[in-house]
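After the structure tokens below, expect a handful of questions from me.
Every read-out reported here was derived from the displayed coordinates using simple, explicitly stated rules and does not represent laboratory data. Quantities reported herein were computed from a predicted structural model and do not represent experimental measurements. Note that each Cβ is placed from the backbone with ideal geometry, even for glycine, and that neighbours are counted across all protein chains shown.
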Amino acid sequence: MTATRRNLEGNEACALGAIRAGCRFFAGYPITPSSEVAEVMARELPKVGGTFIQMEDEIASMGAVIGASMGGVKAMTATSGPGFSLKQENLGYACGSEIPCVVVNVMRGGPSTGMPTRPAQGDIMQTRWGTHGDHAIIVLAPASVSEAYSETIRAVELSETLRVPVVVLLDEVIGHLTETVDLAAVPEAPEVWRKFAQGPADAFEPYAVTEDLVPPMAYPGDGYRAHCTGLTHAPGGFPTQVPAVAAAAVQRTTDKLTLHRDRIESWRVQDVDDADLLICAIGISARAARQAVRDLRAEGVKVGLFRPVTLWPFPEDALRALVAKSGTQTVLVPEMNQGQLALEVERVLAGQARVQGLFKIDGQAITPDEIAEAAKEALA
Amino acid sequence: MVSMEIRFSGSGGQGLLLSARILAAALTAQGRNVAQSNAYEPVSRGGLSRSDLVISDGEADFPLARRLDYMLVLDEAAAGASVPLLTPQSLVLCDAERVQTVPQGAFRTLSLPFTETARGLGNPRVTNIVALGALSALGQVCAPEPLLDSVLAMTPSKLARLNRDAFAAGLQMGETEPA
């Protein structure tokens, strides 16, 4: 036992993780069940020289975060479904103009204002396709308080180094859950920053095509000319509709994530090698699945768990390889919506295994017993 | 592995979440892992309110309550809500004054004068601390000394004497209850 062990709430862990990773700007419009992220940021950011602004609305919060990041500061906001919907236009701007930023989205019942204090997992597809057009985005889905801390750190780092918005996607249960965590378990590491422009200012292009596909960013005041727009732009930063240039610009932002997939993708497995049935789940549903796997294994039922920690881009090769290796015939997908993760698992497996859903939309978490029962039925 | 599950239930404003936090802190200090989840209604006072602790060695697989070992019921609003989670090993402690419909079933239930005792000490707001004392005496949850330390560390120092008295009264109440 160490002195760094403490009881921490999931939302609080997101805030502390962001600060640990060097986030020094938060703009937000408090919304249940994410408000504690803003509360902790309001309390803690001034202590480290950071800035907290309670904005007039969700849209402005996202705008302020983009502005802060363009100003050379690591920036984050937090929200829930209704607010996440409002943020989509600006989030798209951040995707298109490759502005590093982190958005914590704590899922509650939907659609619309739905059930503010009840959990859901209905934003799985929205985090990937909420904003219009082809775009690159990363979504991380912690399933515990300690992971809310470590994955928010990773969110800041991925966002910075890949110049891409990163969503930290929690459900209400994980956001409001308090767990004993050891913050010192995350090893000390040098702070990670985006690549800033270097060398001759005349030759600088704000969207230069580099080997790693991540253009260096101008730090304000360093003398590099920067032009930023939501319009499709050429490497020089100005709008273009020249077909080949426009296509290459959009293609580079998505190729960028493909190129760095090994660093982005993360998943956890439990008892998968000999599994007759595999469960695929995120967040609180994955915690229920973890218990269900333990309970079923105790009864001699061979089940395993595949848990994507990186939800988008979905770790598809890992899942395919796992199903091929174990010979699993059935994949059970428990989720608190009408079937979103199941769609992606179906796409990935494309007939390699049967995909069975366990969907719940009543504002209650899926229980281990419900998953165990569904697993047994699917195996019968 | 999960070793113990405890539910603090009643009506909003009774200090249920705080009681759970106090016990959680005491157990964490002893090296246990605790998961706390809360449920309450969107009102400033009243409404069904509860806080659950799932205590384990290492991180719990599932952090929400499944089978309660101990349940505290401080208000009628929470009397019937949790019966499906009780087992023959469960111990249910009800407030004698505010719980009229004492949960019935194959589990042990005690009705104890938490509110009355707190009022006798001069402030019904320490009902939750009286109940924590009784829980410490009656259950294999947490030894009294570290729990009291946690009570005093997490409540205002100007109320230290009142909380100390409330905890002692609860402890005595539990110790004198026939096993």
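Considering the zone a paramagnetic label at A:D273 would reach in this model (a point 7 Å from Cα along the Cα-to-Cβ line), which residues of the range A:306-333 have amide N under 13 Å from it?
Residues passing the 13 Å test: A:326.
How would you classify the range A:276-337 from its alpha-carbon gyration tensor, with a ≥ b ≥ c the square roots of the eigenvalues: rounded for a/c under 1.5, else prolate if a/b is greater than b/c, otherwise oblate?
On the way: a/c = 2.26, a/b = 1.16, b/c = 1.95.
Oblate.
If you keep only loop residues by DSSP, which GluC sites (Glu not before Pro) in the range A:1-107 have at most 12 other Cβ atoms within 10 Å of their Cβ?
A:E56
Can I ask one more? For the protein assembly as shown, what is the charge dipole size about the Cα centre, in debye to the nearest 20, if Lys and Arg each add +1 at the Cβ and Asp and Glu each add -1 at the Cβ?
500
Answer rounded, prolate or oblate for the range A:218-260, using the Cα gyration tensor with square roots of eigenvalues a ≥ b ≥ c: rounded when a/c is under 1.5, else prolate when a/b is larger than b/c, else oblate.
Numbers: a/c = 3.03, a/b = 1.36, b/c = 2.23.
Cα axes put the range A:218-260 in the oblate bin.
Just check the range B:2-176 against the gyration tensor rule for me: Cα atoms, a ≥ b ≥ c as the square roots of the eigenvalues, rounded for a/c under 1.5, and otherwise prolate or oblate depending on whether a/b exceeds b/c.
Details: a/c = 1.36, a/b = 1.09, b/c = 1.25.
Judged from the Cα gyration tensor, the range B:2-176 comes out rounded (a/c under 1.5).
Restricting to DSSP H runs of at least four residues, report the calculated mean residue ellipticity at 222 nm for chain A, -39500 (n - 2.57) per run over all residues, nearest 500 deg cm²/dmol. Walk me through the numbers on the way to the answer.
Details: 13 runs with 148 residues, N = 380.
So the calculated ellipticity at 222 nm is -12000 deg cm²/dmol.
Moving on to the next point. Could you tell me the largest-minus-smallest coordinate of the C-alpha atoms of the range A:168-254 on each of the three principal axes, in descending order and whole angstroms?
54, 30, 24
Still on this structure, please answer the following. Treat every Asp and Glu Cβ in the range A:5-185 as -1 and every Lys and Arg Cβ as +1, leave all other atoms uncharged, and give the resulting dipole magnitude about the Cα centre to the nearest 20 debye.
280
In whole Å, what are the extents of the protein assembly as shown along the principal axes defined by its C-alpha atoms, from largest to smallest?
The Cα atoms of the protein assembly as shown stretch 85, 59, 41 Å along the principal axes, largest first.
Using the beta-carbon distance between A:E377 and B:S157 and R0 = 56 Å, what value does 1/(1 + (r/R0)^6) give for FRET efficiency, to the nearest 0.05?
Details: r = 56 Å, r/R0 = 1.01.
After rounding, the FRET efficiency stands at 0.50.
Further question: Given the -39500 (n - 2.57) contribution per DSSP H run of 4+ residues, what per-residue ellipticity at 222 nm results for chain B, rounded to the nearest 500 deg cm²/dmol?
After summing the helix terms and dividing by residue count, I get -10500 deg cm²/dmol.
What FRET efficiency comes out for A:L231 versus A:D255 if R0 is 35 angstrom and r is the Cβ-Cβ distance? Round to the nearest 0.05.
Approximately 0.95, to the nearest 0.05.
Roughly how many Å is it from the Cα centre of the range B:115-169 to that of the range B:22-37, as a whole number?
Computed from Cα coordinates, the inter-centre distance equals 17 Å.
How far is the Cα center of the range A:207-241 from the Cα center of the range B:54-86, in Å?
55
Same structure, new question: Rg to Rh for the range A:268-379: what is it, with Cα atoms only and Rh by Kirkwood?
When Rh is taken as the Kirkwood radius, the ratio is 0.92.
Further question on the same structure: Relative to a virtual label point 7 Å from the Cα of B:Q140 in the Cα→beta-carbon direction, which members of the range B:45-59 show backbone nitrogen distances below 16 Å?
From the range B:45-59, the list is B:55-57.
Work out the FRET efficiency for B:S44 and B:A96 from their Cβ-Cβ distance, taking R0 = 25 Å, and round it to the nearest 0.05.
With a Förster radius of 25 Å, E is 0.40.
Using just the Cα positions, wrap the range A:5-185 in a convex hull and report its mean projected area in square nanometres, one decimal place.
Taking the Cα atoms of the range A:5-185, their convex hull projects to 8.9 nm² on average.
In the range A:5-185, what percentage of the DSSP-assigned beta bridges are antiparallel, given to the nearest 5?
Rounded to the nearest five, the antiparallel share is 25 percent.
Wrap a convex hull around the Cα atoms of the range A:114-170, take a quarter of its surface area, and give that in square nanometres.
4.6
If you restrict to DSSP beta bridges whose two residues both lie in chain A, what percentage is antiparallel, to the nearest 5?
Counting DSSP beta bridges with both partners in chain A, the antiparallel share is about 30 percent.
Which GluC sites (Glu not before Pro) does the range A:240-319 hold that lie in a coil by DSSP with at most 12 other beta carbons within 10 Å? Display every interim value, and only then the final one.
Values: sites: A:E265, A:E299, A:E316; in loops: A:E265, A:E299.
Sites meeting the loop and neighbour criteria: A:E299.
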